[in-house]
Structure formats: structure tokens, C-alpha cells
Amino acid sequence: MSLTRRHFLALSAVLPWALSARASTSIPVGLELYSVRGELEKDPQATVRAVAAMGYQVVEFYAPYFDWTESQTKQMRKLLDDLGIRCLSTHNHEEYLTTDKLPRARDMNLILGSKYIVQSSTNEKTTLDQWKPVADRLNAVAEQLEPAGLKVGYHNHQPEFTPVDGQRPIEILAKNTKGSVMLQLDVGTCLEVGSDPVKWIRANPGRIRSIHCKDWSPANGYKVLFGEGAADWKGIFEAAESVGGVEFYLIEQEGSRYSEFDTAKKCLETFRGKHPA
């Protein structure tokens, strides 16, 4: 069947939209750059180039990015654009979300094209009452970031999933924060203290918009590569995509028997096998 010029132009107009719609159904996988922290410290731009060459679609910068100049931040954004890789979130010390530092974090994240400013941890808490102010502060930050089109997130470690007087602090954060506050799940630390990441995802629909895909095993801790530990990745992916609202995955590695770059590459290869794009 031959196409008339009019039909061809109509098809050409629809095709990019169709391709874009199809692409939007796939969830990108990125790397939390703490995984290659030694290389990143030596040469941030070369490190991002290497990560992009491996096939990662997203990067998450962590605390040291906050010390970049505006010029350095703009140069990094240009590199990301040139490579076709995105920064969708950054990890931030608690102090970066204070009144005097939040404007800088906001501006730097806007330059990078980020969507989420994630609080990476909080100061040590010994009682449940100490966690409510953390939730209140996250809500306040969320309101301050909304006019800029940014959102705030919180990343768990072991304390958030460790029961205190029969209740897990992460439950207080989830219950007392706005729905727009992302609960970024660190799978490994959740597992280490005996919690079930699949149950947590299902209990918080729409809140688990990114996941740190870090594995853990009773014998070797965090030194195992992605897929070598105790995590039920099939169950995690299914829960994250059916109810969790996941927008992107982030592989994170504390360290392994391989070099940083080899570790990141091997983890991505295994991830692709367990979660084909």
C-alpha cells in the first residue's frame, strides 16, 4: 500500500508521540555515585562519562556536590545533557535542608535538572518522640520547594526500620509527612534489621518513587553484588511497579571484591537480567 503525502505527514506527526509514550513506560535505572566515590573524587566528569558508557540512564549525586561552584554545576549539567543521562535526585546531609542552606540546594538541583532533594539521614534518635520533628521539617521543606517544581525525599538506613518501643520510626515519618514526600527505600538496610521491603512498599502506595537497589546477605553483608544477597528482587520490582509508584531505580554498592567501575558494571548487567528494560 502506498502512502499519500498527507498520510505520511500525519503518520510522522504521530510516530514521535507514540515512541515517547512507549519509552515512558520503561523505568530508568541509575547509579548512586557513592558506589564509585573514589573515582568521583578524582575526576567527577570522567566518572559520569564512564557510568553513562556502561548503560546507566540516571545518576544520583551525593553530599560532595554541594561544594561545587555554580560554574561546575552548569558544566556537569551540560555533560549530562551531552551524554543523554539524567540526574533525577541528589543525596543531602540534613543540614543542607536548613533555612540558610536550602536555597543553595534548590538552585543547584534546578541546574542539574533534578526532581528530588533527598535527605540522606538524620541525627541519632533514641526515642520515638524525636522522629515527629523530622517529619514536620520535611513537610516544611516540601512547601518551600513546591514553587520551584522540586520535591523532597527521605532515605532510610537501619535506624528507621529498627523498632523503638514496638514501633518503627519509618512508620512515623510515613504517617506524618505529606504524600508528596518521597520515601526512598534502601533495600539492604531494611533487610539487615529484619524488615520486609516488599511489605513496606505495599503498605505505602505511591510513596516509594525511587529505590536504592543495594543487596545484603547474612554472611557477607553489603560486600555482595546486586543479586547475590537475600533480597527478593522479583517481588520488590513487582510491588514497586504495581503499587509503589517507582519512577527510577538506583543501584548502590558499598564496595565489593572488584574495583568500583567493575562493580558498577557487573551490578547493572545482573539488574538487566532480572529486570529487562
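Any read-out appearing in this document is the output of simple, stated calculations on the displayed coordinates, not a laboratory observation. Remember, predicted model here, so these are calculated numbers, not experimental data. Glycine gets a Cβ as well: all are built from the backbone with ideal geometry, and neighbour counts include every protein chain shown.
Tabulated data for the structure shown
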read-out	value
Separation of alpha-carbon centers, segment 72-101 and segment 251-277, rounded to whole Å	23
Antiparallel DSSP beta bridges within the chain, as percent of all bridges there, nearest 5	5
Electrostatic dipole magnitude of segment 139-277 [Cβ: Lys, Arg +1; Asp, Glu -1; Cα centre; debye, to 20]	220
For segment 214-220, Karplus couplings with θ = phi - 60° (6.51, -1.76, 1.60), whole Hz, Gly/Pro x	10, 8, 7, 9, x, 7, 10
For peptides 89-95, 133-139, 143-149, sequence by mean Cβ density within 10 Å, most packed first	89-95, 133-139, 143-149
Ranked packing of 126-132, 229-235, most packed first, by mean Cβ within 10 Å	229-235, 126-132
All aspartates and glutamates inside 17 Å of Lys74 as judged from Cα atoms, apart from same-chain residues fewer than 8 positions distant	Asp43, Glu60, Asp82, Asp107
Per-residue [θ]222 nm for the chain (sum of -39500 (n - 2.57) over DSSP H runs n ≥ 4, rounded to 500)	-13000 deg cm²/dmol
Distant-in-sequence amide H partners of Arg86 (H built 1.01 Å from N, under 5 Å)	Val58, Val59
Förster radius 25 Å - calculated FRET efficiency between Lys178 and Glu228 (Cβ-Cβ, nearest 0.05)	0.10
Lys214 long-range amide H proximity, modeled H, under 5 Å	Val187, Gly188, Glu252
Gln130 paired with Asp43, simple spin-label distance in nm, labels 7 Å along Cα-to-beta-carbon	4.3
Potential lengthening between Glu95 and Glu254 on full extension [0.36 nm per residue; Cα-Cα distance subtracted]	54.9 nm
Length-normalised contact order for segment 144-277 - Cα pairs under 8 Å, 6+ apart - percent	20
Cleavage-rule hits (GluC sites (Glu not before Pro)) in segment 222-267: DSSP loop, at most 16 neighbouring Cβ within 10 angstrom	Glu228, Glu254
